[in-house]
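Participant: The structure follows.
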Amino acid sequence: MNNQPDSFHPRATPSYPIKTQQFLQQLGIQHPILLAPMAGTSTPELAAAVSNAGGLGSLGLANASAEAARLAIQQTRALTSKPFNCNFFCHQPPQRDPATEQAWINYMAPFFQALGGEAPGTLKPVNSSLIDNQPVIDMLLQEKPAVVSFHFGIPALDVIKQLQHAGIVLLASATSLAEARIIEAAGIDGIVAQGVEAGGHRGIFNRDIDPAIGTYDLVRLLVTHTHLPIIAAGGLMDGDDIQQVLALGACAAQLGTAFVICKESAADPVYRQRLQDPAYQTTYITASISGRPARGLMSAWHSQVDQPERPALSSYSYIYDLAKQLHALASKQGNYDFAAYWAGSNVARIRNLNATELMHTLIDELHQAKTKQSANS
């Protein structure tokens, strides 16, 4: 529970390594703490609270139209004058396979029938890709958010140059050295090293190739073999975790699950309850929900859908449409076992604080961890 008074502030501001200070200056923030851009959960209020506390707030805009994304940016700007990040997916436009799609619909039909419904006849994509979304690119060039980040890949080089020419700092997720080298060669400004512990969608460029490298090992790998600033992501929950990745050479840490139950997030009451319930805090990775691997709380997707006879998955994010329809049908009956409750592997360490209190706590813990490490060295 929240035991911190409203006036709580960290005891002291930590001093950071030179390369971290340089990266913070590039981003225009005070502390090496980035909010993960969680589509469907992040809000302008959450992003602004993190930014106002000295970190980098984020908006997950993968499922937003150009105008919806513009509105979210403007709403966030009304709440903070500090920099924040806007995140977009960059998966290759899918090649539809009607036979594979129909096989998946047929496989999932009994789940709909058990709930008194019928499986959809056709599917539509849920999330768009920045790769083929000129309206969103035009909006970004007009709004010029301080930071834009990419997941599942990167946009074309001319788009990267246009965004940077507009003064936007660019980040991109990598789950392997091969992906990091693509990001570096494209001239992007920083790499989010997404370890396999991270909640939500794996940032793999190819949905069928996942190296499944842990956060600490991935940070070591990318720090050694690339020259860009590295932001560690995956399973990080407190200031001690942040200090550990900084000690490995990361310039910052990105946390998502830690912020999901903050009052400023858009998480629904059941999501919040299950994140804090030991009965649900085991996490697994499945591609059955959206068509791409993603880590979330234990659910029927893991225990019932992911069976040996499961057919091949149709294109992302078409089957995500089916998953959302199944969840909508089930939730009307008080059944939330088909929800996509994304969470990282260390969710059991989640704390019930609002975003400002959590940021202050993380900064204080980071200072303590750094002081302790210095005393022991």
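The values are calculated or read from the model by the stated rules, or taken from the named source; none is laboratory data. As the structure is a prediction and not an experimental result, all values here were calculated from the model. Note that each Cβ is placed from the backbone with ideal geometry, even for glycine, and that neighbours are counted across all protein chains shown.
Participant: So which residues in the range 140-172 are of a type outside the set (A, V, I, L, M, F, W, C) and outside any loop (DSSP other than H, G, I, E, B)?
Facilitator: Within the range 140-172, Gln142, Glu143, Ser149, His151, Asp158, Lys161, Gln162, Gln164, His165 meet the criteria.
Participant: Identify, from the list Val260, Val223, the residue that is buried (at least 22 other Cβ atoms within 10 Å of the Cβ) and assigned by TED's automatic domain parsing to the domain that holds Arg181.
Facilitator: It is Val260.
Participant: Continuing with the same structure: Check whether at least one residue in the range 327-347 is within 30 Å of Thr80 (Cα to Cα), hydroxyl-bearing (Ser, Thr, Tyr) and either outside any helix (DSSP H, G or I) or in the same structural domain as Leu255 (by TED's automatic domain parsing) (or both), and report yes or no.
Facilitator: yes
Participant: Being assigned to a loop (DSSP other than H, G, I, E, B), more than 20 Å from the chain's Cα centre (by Cα) and at pLDDT 95 or above narrows it down to one of Gln30, Gln22, Gln26, so name that one.
Facilitator: Unique residue meeting the criteria: Gln30.
Participant: Give the residues of the range 268-308 that are closer than 28 Å to Gln92 by Cα, touching a residue at least 12 places away in the same chain (Cβ under 8 Å), assigned to a loop (DSSP other than H, G, I, E, B) and not hydroxyl-bearing (Ser, Thr, Tyr), sorted by residue number.
Facilitator: Listed by number, the residues that qualify are Ala287, Ile289, Gly291, Arg292, Pro293, Asp306.
Participant: Name the pairs whose Cβ atoms lie under 6 Å apart, with the first residue in the range 338-361 and within 22 Å of Ser51 (Cβ to Cβ), the second surrounded by fewer than 19 Cβ atoms within 10 Å (Cβ to Cβ) and among the hydrophobic types (A, V, I, L, M, F, W, C), and 6 or more positions between them or separate chains?
Facilitator: Note: pairs meeting the criteria are Asn352/Met1; His360/Phe8.
Participant: Within the range 127-141, take every residue that is surrounded by fewer than 21 Cβ atoms within 10 Å (Cβ to Cβ), over 14 Å from Ala68 (Cα atoms) and not aliphatic (A, V, I, L, M) and give me the one that is modelled with the highest pLDDT.
Facilitator: Gln134
Participant: Can you name every residue in the range 69-104 that is more than 22 Å from Arg292 (Cβ to Cβ) and in a helix (DSSP H, G or I)?
Facilitator: Of everything in the range 69-104, those that are more than 22 Å from Arg292 (Cβ to Cβ) and in a helix (DSSP H, G or I) turn out to be Arg70, Leu71, Ala72, Ile73, Gln74, Gln75, Thr76, Arg77.
Participant: Pull out all pairs, ordered by first then second residue, where Cβ-Cβ is under 7 Å, the residues are six or more apart or on different chains, the first lies in the range 66-78 and is farther than 15 Å from Ser42 by Cα, and the second is β-branched (Val, Ile, Thr).
Facilitator: Matching pairs, first to second residue: Ala66/Val136.
Participant: Right, something else. Can you name every residue in the range 173-212 that is in a helix (DSSP H, G or I) and either surrounded by fewer than 23 Cβ atoms within 10 Å (Cβ to Cβ) or among the β-branched types (Val, Ile, Thr) (or both)?
Facilitator: Leu177, Ala178, Arg181, Ile182, Ile183, Glu184, Ala185
To keep it simple, each residue is scored yes or no on (1) surrounded by fewer than 23 Cβ atoms within 10 Å (Cβ to Cβ); (2) more than 18 Å from Cys251 (Cβ to Cβ); (3) hydrophobic (A, V, I, L, M, F, W, C).
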position	(1), (2), (3)
His31	no, no, no
Leu34	no, no, yes
Gly40	yes, yes, no
Pro44	yes, yes, no
Ala49	no, yes, yes
Gly54	yes, no, no
Gly60	no, yes, no
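Participant: Residues in the range 311-320: is at least one within 20 Å of the chain's Cα centre (by Cα), under 30 Å from Ala247 (Cβ atoms), crowded, with 17+ Cβ neighbours inside 10 Å and outside the structural domain of Gly203 (by TED's automatic domain parsing)?
Facilitator: no
Participant: Further, regarding this structure: How many of the residues making up the range 182-201 are more than 20 Å from Gln281 (Cβ to Cβ) and in contact (Cβ under 8 Å) with a residue 12 or more places away in the chain?
Facilitator: 12
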